[in-house]
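**Student:** This is the structure I have questions about; it appears just below.
The values are calculated or read from the model by the stated rules, or taken from the named source; none is laboratory data. Keep in mind the model is a prediction, meaning the values are calculated, not measured. As a convention, Cβ positions derive from the backbone with ideal geometry for all residues, glycine included, and neighbour counts pool all protein chains shown. Ligands, DNA and RNA are excluded from the accessible area calculation, which covers all protein heavy atoms including side chains. Shrake-Rupley method; radii C 1.70, N 1.55, O 1.52, S 1.80 Å.
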Amino acid sequence: MTGSANWTLRRRVTTLCVVVGALLALLAASAAVVAANNRQHLDTLLTKTGPLRTNAEALLSALVDQQTGVRGYAVTGREADLAPYRSGLEQETKLIAAMDALVGDQPEIRQDLHTVRDHARQWREAVAEPAIEAVRTEGTALAQTLLATRAGDRFDNLRREVAALQESILKLRNDVADQARRTGNALVLLLILAAVVVVVAGTALVTSLNRLVIGPLTTLAGQVREVASGDYQRGIEPDGPPELAQLAEDVDAMRRRIAADLAEVRQARERIEWVNSQLETQAAELVRSNRDLEQFAYVASHDLQEPLRKVASFCQLLQRRYAGQLDERADQYIAFAVDGAQRMQRLINDLLAFSRIGRLTSGFTEVDLNQVMTEVAAQTENSRRYVGGELTWSELPVIRGEETLLTNLLTNLVSNSLKFRRPDLPPKVHVSARRVGDEWEISCQDNGIGIEPEFADKIFVIFQRLHAKDAYPGTGIGLAIVKKIVEYHGGRVWVDVESRDGALIRFTLPVPPELREVSAPAEPTAIEAAAPDSDAADAAEATETGPSAATATGPAGAETGPSAGSRRDPALPAGESARPADEMKETV
């Protein structure tokens, strides 16, 4: 008893399953044997005794037909009256053959069947055949006399033999039926025993689980709840089978470790609270410092405007008034001064525009990017006319954002594509969008000189230039502005380095929450905003009133134009950077 008390739960369950399985297997084997016997008895009833009884009745009828046919022929002497005799004889032969095939395993019935067959043959040889021959040779009177003297006893004996055969068949049928009932009852008893075994096994299993598993687990759970409520000094007492006892010991070991760690946690919490207070103070200082830096950049750029404007203005006055009056070197120095002042002015304007992003906001609204592209097309019309460029876009979505910033974003991308064009190919720019999960992915594809993969990340760095300043005009802040605007709207921007036909810049914008369950639309046809024809160009030129009217505000907000005194490509808006001719693309 002590040994079984130390059995593991796995061993107890395994033993119970093996015992129950053995009993059920024994019952199943017994049930299979009984079922086979029952099936055999039912088969005998259905396929042997039933047909035998039917054939015995038909055999008696065939013999009576033979007697009737012989008697009728003896009275009338007509051959037609022998038809029952002949058909009865044929039927008798078939029935005896069929019955003989069915009683192969019943020797007594087979013996009775052969007796009936022999007596029927003897009756025909002694009575029927002589009577038929007498009618044919001597006439009906002799045949009737023969039948009267010989037929009675012999046919009665034949009837008794047939009756004995039927009695044997009936006895076989009753015996087989009794055996079928007994095997059926035995099968039902075995099924009842199997059900009892299952019920007893289930009861034993439930009782064992309740005593060995549920009870100890309930006790263990109660103790664990006390520990979980904060009483970490409450010991866990093991109970139940070895597995649950080991589990209780493991839980108690964990409780001891937790209790030991809590002391350290309390001490660490005090240190963490002190560190958090210091971090909050530093974070507040950092926020204040960032705010001061932004304010400094904004104020500095404003304060630098006036002296730079004076320097540029007086340098231009010197250039206009004394151009050609001094030597060539003096003119060159003045040109350097004018160019430096203008470039510094553009840098300050671009820095001012960069600092304003996200700081001065009018709030997010629903913005139709198709209308934004229409505005972008209008802003870049002069540039496209100059270079013969073409701007197209597919159907674009409606997103939430600031329309001014998004216009600045797309203007920078389109201007960048127009600026970095191939010298032998008119620039083409196409803007498209596709739905990717909960984001819209906007793409700007051009057929320009492209971007080398090693410069894909560098082009988004502020004031980053990969070339001499005279290769392409610009300050190198345009794509930095693009990146800041995209990130301000919760997206990301990158260069698709797999594109080999020009440059492909992609950026994402979040889908408005109310539209996230709506499937993305199919790719629509492109909308073209190509360069205007010569008549429109002439009309546009006719509206210009002079050098001051040609001044335009670039994507970065810099004022450029002839009044600035710089020689620049009209396809290159102010505030854009350049890239070298060896097919490296730089920032706008």
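**Student:** Return the residue satisfying two criteria in turn: it lies in the stretch 88-102 and is charged (D, E, K, R) and surrounded by fewer than 18 Cβ atoms within 10 Å (Cβ to Cβ), and of such residues it is farthest from A128 (Cα to Cα).
**Tutor:** Initial filter on the stretch 88-102 (charged (D, E, K, R)): 90, 92, 94, 100.
Imposing the further condition that a residue be surrounded by fewer than 18 Cβ atoms within 10 Å (Cβ to Cβ) reduces the set to 90, 94, 100.
On the way: E90: 15, K94: 20, D100: 24 Å.
It comes out as D100.
**Student:** Another question, then. Just the residues that are aliphatic (A, V, I, L, M), open to solvent by 30 Å² or more (accessible area, probe 1.4 Å) and either touching a residue at least 40 places away in the same chain (Cβ under 8 Å) or under 15 Å from G50 (Cβ atoms) (or both), please, taken from the stretch 164-196. So that I can check it myself, show each step before the final result.
**Tutor:** Let us first name the residues in the stretch 164-196 that are aliphatic (A, V, I, L, M), namely 164-165, 169-170, 172, 176-177, 180, 186-196.
If we keep only those that are open to solvent by 30 Å² or more (accessible area, probe 1.4 Å) too, we end up with 164, 170, 186-189, 191-193, 195-196.
Of everything in the stretch 164-196, those that are aliphatic (A, V, I, L, M), open to solvent by 30 Å² or more (accessible area, probe 1.4 Å) and either touching a residue at least 40 places away in the same chain (Cβ under 8 Å) or under 15 Å from G50 (Cβ atoms) (or both) turn out to be A164, L170, A186, L187, L191, L193.
**Student:** Follow-up. Which of the numbered conditions does I357 fail, given that it passes all the others? Conditions: (1) open to solvent by 10 Å² or more (accessible area, probe 1.4 Å); (2) touching a Ser or Thr at 6+ places or on another chain (Cβ under 6 Å).
**Tutor:** For I357, the failing item is (2).
**Student:** Also: Name the single residue, out of those in the stretch 326-360 being of a type in the set (S, T, N, Q) and at pLDDT below 75, that is farthest from the chain's Cα centre (by Cα). Steps first, please.
**Tutor:** Applying the first criterion (of a type in the set (S, T, N, Q)) to the stretch 326-360 yields 332, 342, 345, 349, 355.
Applying the additional criterion that residues be at pLDDT below 75 yields 342, 345, 349, 355.
Numbers: Q342: 60, Q345: 58, N349: 53, S355: 46 Å.
Checking each candidate, the answer is Q342.
**Student:** Still on this structure, I have one more. Quick one: which of L27, L16, L23 is within 24 Å of V200 (Cα to Cα) and surrounded by fewer than 17 Cβ atoms within 10 Å (Cβ to Cβ)?
**Tutor:** Working: L27 fails: surrounded by fewer than 17 Cβ atoms within 10 Å (Cβ to Cβ); L23 fails: surrounded by fewer than 17 Cβ atoms within 10 Å (Cβ to Cβ).
Checking each option against the conditions leaves just L16.
**Student:** So, in the stretch 491-500, exactly how many residues are of a type outside the set (D, E) and modelled with pLDDT under 90? Break it down into steps so the answer makes sense when it comes.
**Tutor:** At the first step, the residues of the stretch 491-500 found to be of a type outside the set (D, E) are 491-495, 497, 499-500.
Then drop every residue that is not modelled with pLDDT under 90, which leaves 495, 497, 499-500.
Of the residues in the stretch 491-500, 4 are of a type outside the set (D, E) and modelled with pLDDT under 90.
**Student:** Return the pair list, or none, for Cβ contacts closer than 7 Å from residues in the stretch 133-144 that are farther than 13 Å from G72 by Cα to residues that are in a helix (DSSP H, G or I) and open to solvent by 50 Å² or more (accessible area, probe 1.4 Å), at least 6 apart or on different chains.
**Tutor:** So the pair list comes out as A134/L142.
**Student:** Here's a follow-up. Exactly one of these conditions fails for I236: (1) surrounded by 16 or more Cβ atoms within 10 Å (Cβ to Cβ); (2) part of a helix (DSSP H, G or I); (3) of a type in the set (A, V, I, L, M). Give me its number.
**Tutor:** So the condition that I236 fails would be (2).
**Student:** Something else now. List every residue pair whose Cβ atoms sit under 7 Å apart, with the two residues 6 or more apart in sequence or on different chains, where the first one lies in the stretch 428-451 and is basic (K, R) and the second, anywhere, is open to solvent by 10 Å² or more (accessible area, probe 1.4 Å).
**Tutor:** Between residues of the stretch 428-451 that are basic (K, R) and residues that are open to solvent by 10 Å² or more (accessible area, probe 1.4 Å), the close pairs are K428/E390; K428/N447; R434/E441; R434/A520; R435/A520.
**Student:** Right, here's the next one. Is it true that some residue in the stretch 4-11 is of a type outside the set (G, A, S), in a helix (DSSP H, G or I) and touching a residue at least 40 places away in the same chain (Cβ under 8 Å)? Let's see the steps before the verdict.
**Tutor:** Of the stretch 4-11, the ones of a type outside the set (G, A, S) are 6-11.
From what is left, the residues that are in a helix (DSSP H, G or I) are 9-11.
Next, only the ones that are touching a residue at least 40 places away in the same chain (Cβ under 8 Å) stay: 9-10.
Yes, the stretch 4-11 contains a residue that is of a type outside the set (G, A, S), in a helix (DSSP H, G or I) and touching a residue at least 40 places away in the same chain (Cβ under 8 Å).
**Student:** Follow-up. State whether the residues of the stretch 288-296 include one that is open to solvent by 80 Å² or more (accessible area, probe 1.4 Å) and either over 60 Å from the mean Cα position of the chain (by Cα) or at pLDDT 75 or above (or both). It would help to see each step written out before you state the result.
**Tutor:** Here is the first cut: in the stretch 288-296, the ones open to solvent by 80 Å² or more (accessible area, probe 1.4 Å) are 288, 291, 293-296.
Filter again for either over 60 Å from the mean Cα position of the chain (by Cα) or at pLDDT 75 or above (or both), leaving 288.
Yes, that holds for at least one residue.
**Student:** Just checking: which of the strands (runs of 3 or more DSSP E) contained wholly in the stretch 382-456 hold 1 or more residues that are among the acidic types (D, E) and open to solvent by 30 Å² or more (accessible area, probe 1.4 Å)?
**Tutor:** Counting at least 1 such residues, we get 390-393, 439-446.
**Student:** Among (1) farther than 20 Å from A164 by Cβ; (2) at pLDDT 85 or above; (3) open to solvent by less than 60 Å² (accessible area, probe 1.4 Å), where does Y85 come up short?
**Tutor:** For Y85, the failing item is (2).
**Student:** Another one. Checking A201 against (1) at pLDDT below 80; (2) within 43 Å of the chain's Cα centre (by Cα), which test does it fail?
**Tutor:** (1)
For every residue, the table says whether it meets (1) within 42 Å of the chain's Cα centre (by Cα); (2) over 27 Å from G448 (Cα atoms); (3) modelled with pLDDT under 75.
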{"position": "T365", "(1), (2), (3)": "yes, yes, no"}
{"position": "L369", "(1), (2), (3)": "yes, no, no"}
{"position": "M373", "(1), (2), (3)": "yes, no, no"}
{"position": "S383", "(1), (2), (3)": "no, no, no"}
{"position": "Y386", "(1), (2), (3)": "no, no, no"}
{"position": "W393", "(1), (2), (3)": "yes, no, no"}
{"position": "P397", "(1), (2), (3)": "yes, no, no"}
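**Student:** Right, something else. List the helices (runs of 4 or more DSSP H) that sit entirely inside the stretch 25-133 and contain at least 2 residues that are in contact with an Asp or Glu (Cβ under 7 Å, 6 or more places away or on another chain) and farther than 22 Å from K171 by Cβ. Outline the logic, then answer.
**Tutor:** On the way: elements: 50-76, 83-102, 107-123.
Output list reads 50-76, 83-102.
**Student:** Looking at L42, L52, which one is of a type outside the set (D, E) and open to solvent by 50 Å² or more (accessible area, probe 1.4 Å)?
**Tutor:** Answer to the selection: L42.
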